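The values are calculated or read from the model by the stated rules, or taken from the named source; none is laboratory data. Here the structure is a predicted model, which means the values were calculated and not measured. Using ideal geometry, Cβ is built from the backbone for each residue, glycine included, and neighbour counts are taken over all protein chains shown. We work out accessible area using only protein heavy atoms, side chains counted, and drop any ligands, DNA or RNA first. Shrake-Rupley method; radii C 1.70, N 1.55, O 1.52, S 1.80 Å.
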Amino acid sequence: MSFRHAMPFWMSLGLVPLAVLAAAWGGWWWALMPLYAWYLVTGLDLVLGLNLDNPDTDAPADLFWYRAVTVIWCPVQLALIFGAIFYATRSGLGGWEMLGLFFGIGVASGTIGMVYAHELLHQRPKWERFLGDLLLASTLYSHFRTEHLLVHHAWVGTPRDAVSARYNEGFHRFFWRVLRHGPRSAWQAERNLLARARRPVWDRRNPFWKYGLLQLAMLALALLLGGWQGLLLFLWQAFVAIWQLELTNYVEHYGLTRRHLGEGRYEHVLPRHSWNASHKVSNWLLINLQRHSDHHYKPDRRFPLLQTYPETEAPQLPFGYPGMTFLAMIPPLWRRRMNPRVRAWRRQFYPDIGDWRPYDRGKLPMPRGAL
């Protein structure tokens with residue numbers, strides 16, 4: 001796989017000159033960043049259509065240029081955030097211009113940084129996982145590593161997983177539920193994992209020590225470079241990034257549940273338990289995150305090798321994730337589009353289940369053996 005083939009996945013770097021323009025020229029130039037990441041990508045999806053090709057996972061592949069963009073993005077994002085803090089607090093930009101600039105940077109650190117962190121955290125080399133930790137710390141969301149790896153992948157589609165959005169649950173209610181329960185759930189998972197090894201919660205192996213130190217370092221740097229104003233801008237950027245991440249989490253599994261087999265046992269995760277999108281351009285921007293069923297099947301599979309599935313095996317979305325997250329912000333529009341699809345999914349895969357109320361309300365038993 002050559003640089004030419006990898007080039008489309010580098011489109012994330014297009015956000016960098018847009019951030020520089022927004023900082024230098026002020027005004028409404030910050031709006032180019034969400035326009036690029038959301039609307040241009042969705043429009044190009046409609047023009048260029050779907051990519052249904054599956055790469056050969058058995059043949060040896062040189063993935064250097066694919067991996068490179070995920071590695072390069074870490075210093076790029078840190079330079080964007082902290083360079084903008086240093087510049088904006090000294091430049092004479094107005095208050096709303098600074099808020100707009102850091103909204104745009106939050107879109108970049110959420111739409112791109114969180115997705116790249118997700119890719120890096122699933123890889124075996126420790127240095128890649130550390131880059132993922134840095135990206136998460138720059139948005140004050142370090143616990144996502146634990147929550148995603150120990151909880152989400154094991155218990156997606158069950159009551160144990162906070163980020164499995166329930167049928168008819170609007171995004172805004174989902175968002176605040178995840179903000180409340182996510183950190184607590186991650187802490188519980190690490191605590192229980194240590195307890196199984198007969199280690200106390202304050203053991204140095206608890207990654208929350210690292211999470212706290214990295215996040216404190218980010219806050220201190222923002223304060224050093226921009227004072228209290230810089231710290232507030234950093235917090236605003238982090239909130240926007242978290243909002244972007246959880247919008248995507250909401251879309252990925254909305255209304256999809258695993259069959260409860262009784263006594264806290266659930267069926268294995270299958271391709272049917274994730275929403276997928278084969279739209280070409282949004283998969284370039286999101287490094288194939290939308291081939292989500294295959295990611296759950298092979299979590300450490302590098303993004304260029306992820307497979308797509310037919311509708312007989314995995315549910316498909318009408319638009320890519322950027323377009324779907326726009327709908328998710330307007331719950332009536334979202335329900336109009338997605339609830340019929342969830343009901344069709346239930347008829348297709350679980351025609352024998354007559355009462356879905358325990359699934360919809362999260363009232364089924366916690367999975368047996370969950371951390």
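Let me have the relative contact order for the range 1-79, percent, based on Cα pairs under 8 Å that are six or more residues apart.
Numbers: 28 pairs, mean separation 34.6, N = 79.
44 percent.
First measure r as the distance between the Cβ atoms of TRP127 and ARG191, then evaluate 1/(1 + (r/R0)^6) with R0 = 35 Å and state the FRET efficiency to the nearest 0.05.
Values: r = 27 Å, r/R0 = 0.78.
Given R0 = 35 Å and the Cβ-Cβ separation, E is 0.80.
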message: Suppose the chain between ALA68 and ASN339 were pulled fully straight at 0.36 nm per residue; how much longer would it get relative to their current alpha carbon spacing?
response: 93.7 nm
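Quick one: compute the contact order of the chain, relative version, from alpha carbon pairs under 8 angstrom and 6+ residues apart, as a percent.
Working: 529 pairs, mean separation 91.6, N = 371.
So the answer I get is 25 percent.
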query: Tell me which lysines have Cα within less than 29 Å of LYS280's Cα, excluding those fewer than 8 residues away on the same chain?
result: LYS298
message: Between GLU311, GLU169, GLU263, where does the largest GNM mean-square fluctuation fall for the chain, given springs only between Cα atoms within less than 10 Å?
response: GLU263
query: Helix 126-137: angle to the longest alpha-carbon principal axis of the chain, degrees 0 to 90, nearest 10?
result: 70
task: Please compute P(r) over all alpha-carbon pairs of the range 1-123, binned at 5 Å starting from zero, and give each bin as a whole-number percent.
output: 2, 10, 18, 19, 18, 14, 9, 6, 3, 1, 1, 0
statement: Cα convex hull volume per residue for the range 279-327, in Å³, equals 78
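Can you tell me the length gained on complete extension of the stretch VAL20 to HIS5, counting 0.36 nm per residue apart and subtracting the Cα distance? Display every interim value, and only then the final one.
Numbers: separation 15, 0.36 × 15 = 5.40 nm, distance 2.75 nm.
So the extension gain works out to 2.7 nm.
How big is the Kirkwood radius of the range 58-159, worked out from every pair of different alpha carbons and given in Å to one decimal? Write down the numbers at each step before the final one.
Working: mean 1/r = 0.0654 Å⁻¹.
Computed over Cα pairs of the range 58-159, the Kirkwood hydrodynamic radius comes out at 15.3 Å.
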query: Viscosity 0.890 mPa s, temperature 25 °C: Stokes-Einstein D of the range 241-371 from its Kirkwood Cα radius, in µm² per second?
result: 155
message: Suppose a student asked you for the relative contact order of the range 150-264, using Cα pairs under 8 Å spaced at least 6 residues apart; what percent would you report?
response: 43
Cα pair distances in the range 112-196, grouped into 5 Å bins until the bin that holds the longest one, percent each: 3, 15, 21, 24, 22, 11, 4, 1, 0
task: Rank TRP30, TRP209, TRP284 by mean-square fluctuation in a GNM of the chain with C-alpha springs under 10 angstrom and give only the top-ranked residue.
output: TRP209
query: Roughly how many Å² of HIS268 are accessible to a 1.4 Å probe, to the nearest 10?
result: 150
Angle between the chain longest axis and helix 15-25 axis [Cα atoms, degrees, rounded to 10]: 40
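May I ask for the Rg/Rh ratio of the chain, computed from Cα atoms with Rh as the Kirkwood radius, given to two decimals? Before the final figure, lay out each step's value.
Details: Rg = 20.5 Å, Rh = 21.3 Å.
For the chain, the value is 0.96.
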- request: State the three equivalent ellipsoid semi-axes of the range 203-299, derived from the C-alpha gyration tensor as the square roots of 5 times its eigenvalues, in descending order and whole Å.
  value: 35, 21, 12
- request: Enter the angle in degrees (range 0 to 90, nearest 10) between the Cα long axis of helix 95-108 and the first principal axis of the Cα atoms of the chain, meaning the one along which they spread out most.
  value: 50
query: Where a Cα-Cα gap under 16 Å defines reach, which lysines qualify for LYS210, not counting those fewer than 8 residues away within the same chain?
result: LYS126
- prompt: Under a Cβ-Cβ cut-off of 13 Å, what is the net charge of the residues other than ARG198 that fall near it, where Lys and Arg count +1 and Asp and Glu count -1?
  reply: +3
message: With just the Cα atoms defining each centre, how far is the range 340-366 from the range 123-174? Give it in Å.
response: 24
field: Among GLN348, GLN77, GLN188, residue whose mean-square fluctuation peaks in a GNM of the chain (springs only between Cα atoms under 10 Å)
entry: GLN348
field: Relative compactness, the range 1-67, computed as alpha-carbon Rg over 2.2 N^0.38 Å
entry: 1.48
